[in-house]
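Asks: Take this structure, written in structure tokens, and hold onto it; I'll ask about it next.
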Amino acid sequence: TYDMPESFKPEAADTGDALYRRSLYTFWRRTGPGPVLETFDVPKRVVCVARRDVTNTPLHALVLLNGPQFVEASRVLAERLLVEHAGRGDDAVAAAFERLTSRAPDAAERTILARMLAEQAEWYRGHPDAAAQVLTVGQTPPRGGLAAADVAAAAGVVNALMSYDGCVVKR
């Protein structure tokens with residue numbers, strides 16, 4: 001994972017497919033789990049826990065909105081959905097909502113998603129350097145054939161959805 005160099009010195013971050021292993025296969029140290037896992041209140045490994053605590057702190061949003069692995073994941077999902085939906089951004093973000101929450105968005109949520117996508121697209125069209133920067137986060141190369149502003153805007157919406165309580169917390 002991307003946080004290996006900071007959390008398990010002198011271990012280097014993996015590259016290629018090994019970088020994208022599920023968290024199940026990340027390195028563990030008994031007294032110090034990875035920073036992302038610790039932020040999400042992973043139980044200590046020195047004791048047995050019957051049930052994990054459910055918490056929601058500002059640190060969760062900080063990690064989900066800014067962590068390189070989450071920014072990259074949102075960009076890759078946005079690219080995939082824009083291709084699947086032939087560039088129709090509103091349909092792509094509605095599909096992202098359904099994928100991330102396991103339910104279709106209602107009319108009000110669809111309106112919010114469409115407005116959010118329009119605002120993001122307008123901002124990124126006015127700031128092409130910022131749109132290009134979004135495409136460089138992570139090791140996955142950007143998919144060709146898509147406008148950088150459209151991808152960055154859709155990725156911003158997907159990233160916000162990834163930090164949405166309905167996506168993060170199992171109830």
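Asks: Over segment 44-171, what is the relative contact order in whole percent, taking alpha-carbon pairs under 8 Å and six or more residues apart?
Replies: So the answer I get is 35 percent.
Asks: Could you list, bin by bin from short to long, the percent of Cα-Cα pairs of segment 107-159 in 10 Å steps?
Replies: So the P(r) values, bin by bin, are 27, 51, 20, 3.
Asks: Just to be sure I understand the model, the point goes 7 Å from the Cα along the line to the Cβ. What's the resulting V42 to D91 distance in nm?
Replies: Going from the V42 label point to the D91 one covers 4.0 nm.
Asks: Subtracting the Cα-Cα distance from 0.36 nm times the residue separation, let me have the gained length for R143 to D53 in nm, one decimal.
Replies: Gain on stretching R143 to D53: 28.5 nm.
Asks: Still on this structure: Could you calculate the contour length gain from D106 to D129, that is, 0.36 nm times the residue separation minus the distance between their Cα atoms, to one decimal place in nm?
Replies: 4.9 nm
Asks: Given the peptides 130-139, 47-56, arrange them by the average over their residues of other C-beta atoms within 10 Å, most packed first.
Replies: Working: 130-139: 16.9, 47-56: 8.3.
Output ranking for 130-139, 47-56: 130-139, 47-56.
Asks: Next question. Given the alpha-carbon gyration tensor of segment 15-171, what are the semi-axes of its equivalent ellipsoid in whole angstrom, ordered largest first, with each equal to the square root of 5 times an eigenvalue?
Replies: Over the Cα atoms of segment 15-171, the ellipsoid semi-axes are 30, 19, 13 Å.
Just so you know, all these numbers are worked out from the coordinates, no wet-lab data involved. Every value quoted in this text rests on a predicted model; they were computed, and no experiment measured them. Note: ideal-geometry Cβ built from the backbone for every residue, glycine included; neighbour counts use all protein chains shown.
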